[in-house]
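Notes to accompany the following structure.
The values are calculated or read from the model by the stated rules, or taken from the named source; none is laboratory data. On a predicted model such as this, the values are computed, not experimentally measured, just so you know. Please note: Cβ atoms are built from the backbone with ideal geometry, for glycine as well, and neighbour counts cover all protein chains shown. All accessible areas refer to the heavy atoms of the entire protein, side chains included, with ligands and DNA or RNA removed. Shrake-Rupley method; radii C 1.70, N 1.55, O 1.52, S 1.80 Å.
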Amino acid sequence: MKENFNFCKRIALGGLLQGYFHNLRGTLQGIFLELQLILMKKKSDLDKEIYERINKTLNLLQKLQNQIDTAFDEIYNEKTGPWDLKEFIEKEILFWEAFLPFKHKVKKEVFEEDKVFIEIPYNLLKGLFCNICQEIFLNLKENTNLKIFIKKNKRVEFLWDKDLDELVYKNLKVLSHQLKDLAEIKVDRRTLSFQF
């Protein structure tokens, strides 16, 4: 029963995120409009430093808008690929490096036995990795070595050299059961593998 509750909670969070992305877009558009109205005033009325800072702010807001649009598009992307698994994993690592302890305190290596392509809806592949990476990447201890192996038979293995907290292993085992229709997932003390 608790497993189903946790799974439903993750699904509900996905739905909430869609709503939050929608609302963030509206807020961003409002900020853009206000800043553009300020810039429309005679430029001589604006201090040069203020003008430059507003332009920098507009550029940052545009970058944020692009990130939100990309995330929103990925939520609805049901194209089935084929997806280059190494390329996909490297993008996932970059995404999770927004969590600075993972970026700076974990050594990460990806090894590819052979080129592997997966044909699965993109949003499902992203969801699978998102759930697994959230548990592993955000809980790795400082100075951990993380190795990810991509095998010929569409098998991916995550290996790390420092134990995770017991709750993380428990969560990973629950996930392996919940995601069994997407991949066969096995969890051990310092490894997680899945086969498509």
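Here Lys126 is the anchor, and the lysines within straight C-alpha reach of less than 17 Å, apart from those fewer than 8 places off in the same chain, are Lys79, Lys86, Lys91, Lys154, Lys180. Of His177, His104, the order by accessible heavy-atom surface (1.4 Å probe, DNA, RNA and ligands excluded), from most exposed downward, is His104, His177.
Each Lys or Arg adds one and each Asp or Glu subtracts one; over the other residues with Cβ under 11 Å from the Cβ of Tyr169, this totals -1. Working ranking of peptides 125-136, 185-196 by packing, defined as the average number of other Cβ atoms within 10 Å per residue, highest first, is 125-136, 185-196. Among [x] 35, 23, 15; [y] 39, 19, 17; [z] 33, 17, 14, which is the computed semi-axes √(5λ) of the Cα gyration tensor in Å? Answer by label: [y]. In this structure Tyr122 has an accessible area near 30 Å², from a 1.4 Å probe over the protein heavy atoms.
Ranking Leu58, Leu24 by solvent-accessible area of protein heavy atoms (1.4 Å probe, all protein chains present), from largest to smallest, gives Leu24, Leu58.
Compute the signed sum of charges (Lys and Arg +1, Asp and Glu -1) over the other residues within less than 13 Å, Cβ to Cβ, of Pro121. Every neighbour counted, the sum reads -2.
Simple rule: put +1 on each Lys or Arg Cβ and -1 on each Asp or Glu Cβ in segment 83-195, find the dipole, and look at Asn131, Leu146, Ile89; the Cα lying farthest toward the positive end is Leu146. Other residues within the sphere of radius under 12 Å centred on the Cβ of Val106, judged by their own Cβ, net out at +3 (K and R +1, D and E -1). Taking all protein chains together and a 1.4 Å probe, the residues Asp114, Asp84 rank Asp114, Asp84 from largest to smallest accessible area.
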